[in-house]
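The values are calculated or read from the model by the stated rules, or taken from the named source; none is laboratory data. Quick caveat, the model's predicted, so the values are computed rather than measured. Every residue, glycine among them, receives a Cβ derived from its backbone with ideal geometry; neighbour counts consider all protein chains shown. Heads up: the accessible areas ignore ligands, DNA and RNA and are worked out on the full protein's heavy atoms, side chains in. Shrake-Rupley method; radii C 1.70, N 1.55, O 1.52, S 1.80 Å.
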Amino acid sequence: MTTASNANPALLARREGGVLVLTNNNEAARNALSPDFYLGLTAALQDAATDPAVGAIVLTGAGGHFCSGGDLRRIATRRDQPLEKRRELLKGLHDLVRALRDCPKPVVAAVEGAAAGAGLSLALACDMLVAARNAAFSVAYVKVGLSPDGGATAFLAEHLSRQLLTELCLTGDRVSGERMQQLGLVNRLAEPGDALAQAIALAAQMAEGPLQAMASIKSLCRAAYDNSLEAQLDMEAELMVQAQATPESAEGIAAFLEKRPANYLQLRS
């Protein structure tokens, strides 16, 4: 069943088994972003983090588009506001990016149609990305005289050379889902109309996994791009010795030795 998340019409929520599907619901504006969406998605991620019935999350957009980015009509009204007020209004987007990063559950983006500007940032902020071949990704800010936000340059820099990063940001050119996969930014490539189904299937694979271990793995993967080898070794050691004493590792090791599938769902309460 699909419902408005926390009675927020900007965000729809439904469950597919252990997968929580969250949908950006501003179809008339190709899912342009709004403060209601920032608040609704941030709250939904926080709720999912402590809900044992949720094993993984899929983020998508209604009406065949992921997200066209910021609402330019809303942004145009900010030009006469003080700098600190403009910074405060941007905080909602950046807090949402941090919420995606910090959510202990895996988050998979399902991208059809446009993922432009801050929409691209949100897609790349997710842990994994499933995109239709003909999806259109663009760092579109330069087209309207703006510079990127939402972590777009940070996420792209994890994969691209400085020259290619600069080209994408200075031209705002569209890049297809197929090209994004070639660049290493897309996990699964889907036929048009099939990205959500593939993303749910990928999320369902993880939704039955060990929640504590997956949260640790997600933390390690995020930290690996900034840490030195020594710092990463220390982090791995700390999380490994913690994991060795958990019911999850007891079940996983027992299942391996007994040649049976591990049942991590029984450990959730």
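How large a share of the accessible area of the chain, in percent, is made up of carbon and sulfur atoms when the probe is 1.4 Å and the other protein chains stay in place? Ligands and nucleic acids excluded, carbon and sulfur reach 54 percent. Computed from backbone phi with θ = phi - 60° and the Karplus coefficients 6.51, -1.76 and 1.60, the 3J(HN,Hα) list for region 171-186 is 9, x, 5, 6, 10, 6, x, 5, 5, 4, 5, 4, 7, x, 9, 10 Hz; x is used for glycine and proline. Three principal axis extents describe the C-alpha atoms of region 150-194; from largest down they are 31, 20, 19 Å.
Within the assembled protein chains, the solvent-accessible surface assigned to GLU158 is about 80 Å², based on a 1.4 Å probe. For the residues LEU146, LEU45, a 1.4 Å probe over the protein chains yields an accessible-area ranking, largest first, of LEU146, LEU45. Between region 171-217 and region 95-164, what is the C-alpha centre distance in whole Å? About 12 Å separates the Cα centre of region 171-217 from the one of region 95-164. Residue by residue, region 138-150 carries 3J(HN,Hα) couplings of 7, 8, 7, 4, 4, 5, 10, x, 10, 10, x, 9, x Hz when phi is fed to the Karplus relation 6.51 cos²θ - 1.76 cosθ + 1.60 (θ = phi - 60°); x denotes Gly or Pro. Shape index of region 1-121: Rg/Rh, with Rg the Cα radius of gyration and Rh the Kirkwood radius from the inverse mean 1/r over Cα pairs, equals 0.98. Each residue of region 196-206 was assigned a 3J(HN,Hα) from its phi angle through the Karplus curve 6.51 cos²θ - 1.76 cosθ + 1.60 (θ = phi - 60°); the sequence is 5, 4, 5, 5, 5, 4, 5, 5, 5, 4, 8 Hz, with glycine and proline shown as x.
With only Cα atoms counted, the chain has Rg and Dmax values of 19.2, 67 Å.
Rounded, prolate or oblate: pick one for region 155-237, where a ≥ b ≥ c are the square roots of the eigenvalues of its C-alpha gyration tensor, a/c under 1.5 means rounded, and failing that, prolate if a/b is larger than b/c, else oblate. Oblate, since a/c reaches 1.5 and b/c is not below a/b.
The alpha-carbon of LYS259 sits under 14 angstrom from the alpha-carbons of these aspartates and glutamates, leaving out residues fewer than 8 places away in its chain: GLU251. Backbone amide hydrogens, once placed in the peptide plane, bring LEU185 within less than 5 Å of nothing, excluding anything fewer than 5 places away on its chain. Bridgeable lysines around LYS105 (alpha carbons under 25 Å apart, same-chain partners fewer than 8 residues away excluded): LYS91, LYS218. Computed packing ranks the peptides 79-90, 199-210, 179-190, 239-250 as 199-210, 179-190, 239-250, 79-90, most packed first, by mean other Cβ atoms within 10 Å.
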